[in-house]
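Enquirer: The following block contains the structure, expressed as structure tokens.
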Amino acid sequence: MNTEPASKLRVVLDTNVYFSAFSHPQGKPYRIWQKAVNRSFILLVSPAILREIAGVLREDLQWKETDIVAHLKLVARIAEIISPRIGLQVVAEDPTDDRILECALAGNADLIVSGDRHLRKLKSFRHIGIVQPSDFLRTLG
């Protein structure tokens, strides 16, 4: 049961935001991650997004499996886990971006935060805004 106040934004972070937050702990994505940890907004994540985060940490950052598991557990503890029931085919250039849209739609998200140009060029998806990290930080204040 969700006990968060209704006024908090429901937000899906794209995998690139996690990548930047976990690999560069001084940038805007890291500040967004800290706000998620502090529950400044309701973080939404799906099993598909968690798998993609694990893959990026494993393949691109060469993290040890124990570190990957620890970070995934932290994300899962902070976030509301969403299990989308419908698959989407919206972003032909990068079908993995569809997993972000699926989570946002199923989780009744207010926003998607992404540095990905394929997602950002949509600007919104079914009334869910798509913003870059700097714009989201301004929204949070």
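Enquirer: Beyond 22 Å between alpha-carbons counts as too far, so tell me which of 8/35; 28/121; 35/73; 28/123; 73/123 fall in that bin.
Expert: The answer is 73/123.
Enquirer: Could you list, bin by bin from short to long, the percent of Cα-Cα pairs of segment 10-140 in 10 Å steps?
Expert: That works out to 13, 49, 34, 4, in percent per bin.
Enquirer: Which one, 44, 61, 119, has the greatest fluctuation when you compute a Gaussian network model over the chain with C-alpha springs under 10 angstrom?
Expert: 61
Enquirer: Please report the relative contact order for the chain, taking Cα pairs under 8 Å with a sequence separation of at least 6, and give it as a percent rounded to a whole number. Could you put the intermediate results ahead of the total?
Expert: Working: 210 pairs, mean separation 40.4, N = 141.
Reported as a whole number, the value is 29 percent.
Enquirer: Assign unit charges at the C-beta atoms only (+1 for Lys and Arg, -1 for Asp and Glu), then state the dipole size of the chain relative to its Cα centre in Debye, rounded to the nearest 20.
Expert: Numbers: 19 positive and 16 negative charges, 96 e Å.
So the dipole magnitude of the chain works out to roughly 460 debye.
Enquirer: In deg cm²/dmol, rounded to 500, what helix-only [θ] at 222 nm does the chain give when every DSSP H run of at least 4 residues adds -39500 (n - 2.57) and the total is split over its residues?
Expert: Computed ellipticity for the chain at 222 nm equals -14000 deg cm²/dmol.
Enquirer: Going by Cα centres, segment 1-78 and segment 120-141 are how many Å apart?
Expert: 17 Å
Only the coordinates and a few stated rules stand behind these numbers; no lab work does. Remember, predicted model here, so these are calculated numbers, not experimental data. All Cβ positions, even for glycine, are placed from backbone atoms using ideal geometry, and neighbour counts span all protein chains on display.
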